[in-house]
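The values are calculated or read from the model by the stated rules, or taken from the named source; none is laboratory data. On a predicted model such as this, the values are computed, not experimentally measured, just so you know. With ideal geometry, Cβ positions are generated from the backbone for all residues, glycine too; neighbour counts draw on all protein chains shown.
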Amino acid sequence: MEGWAVIQEVKRQIEAGRSVSEIARELEVDRKTVRKYRDGSEAEIRRQRREDHGRPRKIEVHLDWLRDRVKAYEDDGVVNAESLHRELLERGYEGSPRTVRREVARLVSVPRVRIYEPFETPMGQQAMVDLGEARRLRIGDRLETMYFIVMVLSHSRKKYGVWHNRPISTEMFLGFHEQAFRAFGGVTPELVYDQLKMAVIKERFGEVQFNEDFYAFARYHRFTPYICRKNDPETKGKIESVVRYTKRGFLPGRVFEDYTDVQVQWAEWVANVADAKVHETTGKIPNEVWQEERLHLHPMAEGSYGAQASMESREVLLNGLVKVLSNRYSVPQTYLGKEVLVRVTDERVEIYAPQRNLLYSHGRCFGHGQTIIEKSHYRHEYSIATEDLQRSVLAIYSCPGMLDALREKFPRYYRDQLKGLIRLAQDHAEEDLQQAANRALDFGCMGLTNIERILQGVEANKQSVPLRLVKDGKVLDGGAGELRELSYYDQVAQQRQEEQDELASL
């Protein structure tokens with residue numbers, strides 16, 4: 001419906017008592033258009049339409065330019081109507097941004113949509129596996145996060161799942177598979193996965209580096225892993241549907257007594273609801289089809305694989321942390337930006353070097369989004385220990401109090417001060433160094449620069465740093481200061497000590 005027919009229909013529905021919003025939704029027009037047709041007489045509307053048709057649109061003169069610009073934007077990957085409107089304003093366009101958006105929507109190419117052809121797999125040929133997370137579950141009087149793993153047989157849509165109160169580790173992931181195989185009555189030759197860390201370390205152009213323990217597990221139970229592309233969940237739509245069905249069909253409105261009750265209620269729901277009703281796609285009941293499909297599954301390998309905590313590759317962030325099961329753990333600073341190996345057990349998170357030597361073992365955190373730091377990981381490793389530098393300085397200067405004075409005055413540059421004092425000993429006599437250090441300590445101006453200035457003034461057992469040139473704990477340049485015997489400073493220091501003792505006794 002368009003043109004005058006829309007106007008007549010608006011008038012008719014207004015007379016029938018319908019609201020502006022209802023009419024706008026039904027006719028797919030703007031509410032302002034409905035009000036305009038409601039409030040105007042037929043004569044006024046006809047006159048306005050004649051004027052509108054005879055008046056050129058403001059954007060008409062820019063359409064050829066706009067068509068070319070939209071094509072250029074598409075070649076760059078993104079069409080931005082707001083940017084195009086700004087460019088049009090510079091060309092003299094006086095219309096609204098809304099007009100530009102409408103015109104751009106008309107000119108832009110229809111995006112290509114990937115088509116997924118539906119397919120069905122033969123009985124016993126394939127299963128799919130995925131992880132899920134459910135937040136804010138009502139467990140007792142608490143709201144908690146639970147994690148689950150699910151497997152579905154691709155032909156019958158028979159489901160199996162296990163719930164945990166902590167993030168899934170490789171050990172838990174492999175153990176789940178054996179539980180599922182027993183529940184289904186066998187193993188499928190092919191299992192489909194997303195690029196989970198428990199299965200895949202990395203994938204590049206179809207070349208997959210598997211988690212070593214996962215690949216060994218697959219060989220043990222004689223199945224072939226099929227790894228989907230990144231960010232392409234539709235290729236495993238059957239298991240994606242199970243995860244979505246779990247969140248929307250099983251969880252809403254449920255309250256659980258404890259963690260065990262989550263698993264119990266899930267098993268009951270799968271048996272009596274999810275696998276007991278006709279499947280929307282297959283038109284069959286999963287439990288009934290599975291009775292036949294189980295006869296086509298391969299038998300499990302004898303015994304159990306005995307899944308243990310495995311080592312998984314992780315990249316150390318530039319802040320010295322590595323992500324493990326939704327938390328972050330510190331790593332020694334020498335491994336910033338490098339790859340390390342991580343092993344997660346029930347109680348520990350162990351960090352290993354690529355050569356598999358243990359770097360550190362953290363206590364495992366079962367929270368979410370926590371940061372666990374070992375302070376020693378952030379200490380610098382020096383080629384010469386601070387203690388060795390201190391011993392060298394004391395051996396040269398024989399002035400024990402100077403270390404405390406340096407540490408207090410230069411907390412951030414303490415090691416630099418020690419190194420400078422050691423280098424200073426290469427150019428001066430030990431006796432002069434000791435005297436200069438004692439003078440700097442007596443006058444409260446301990447520091448490498450001040451000691452250097454004192455040493456520069458030593459000449460023929462004299463010092464060109466009179467008392468008046470010591471200010472605020474710093475030795476100032478002597479300039480043409482009066483030369484004094486070094487014994488003068490001993491007398492001044494003694495005099496100051498006597499004055500302090502006298503004041504203390506008052």
**Q.** Those residues of segment 93-138 which are at pLDDT below 90 and touching a strand residue (DSSP E or B) at 6+ places or on another chain (Cβ under 7 Å), in sequence order
**A.** ARG135, ARG136
Q | Number of positions in segment 377-425 that are assigned to a helix (DSSP H, G or I) and out of contact with any Ser or Thr (no Cβ under 7 Å at 6 or more places or on another chain) | A | 31
Q.
GLN370 - would you say it is outside the structural domain of VAL187 (by TED's automatic domain parsing), of a type outside the set (Lys, Arg) and free of Cβ contacts under 8 Å to residues at least 12 places away in the same chain?
A. no
Q.
I want to confirm something. Restricting to segment 309-351 and keeping residues that are more than 20 Å from SER376 (Cα to Cα) and not in a strand (DSSP E or B), which single residue is modelled with the highest pLDDT?
A. GLU347
Q: Quick one: which residue in LYS238, LYS247 is buried (at least 19 other Cβ atoms within 10 Å of the Cβ) and part of a helix (DSSP H, G or I)?
A: LYS238
**Q.** Filter result for TYR259 (touching a residue at least 60 places away in the same chain (Cβ under 8 Å) and either of a type in the set (Ser, Thr, Tyr) or not assigned by TED's automatic domain parsing to the domain that holds HIS155 (or both))
**A.** yes
Q: Looking at (1) surrounded by fewer than 17 Cβ atoms within 10 Å (Cβ to Cβ); (2) not in a helix (DSSP H, G or I), find the lone condition where PRO225 falls short.
A: (1)
Q: Taking the options ILE396, ILE372, name whichever one is surrounded by 13 or more Cβ atoms within 10 Å (Cβ to Cβ) and within 27 Å of the chain's Cα centre (by Cα).
A: ILE372
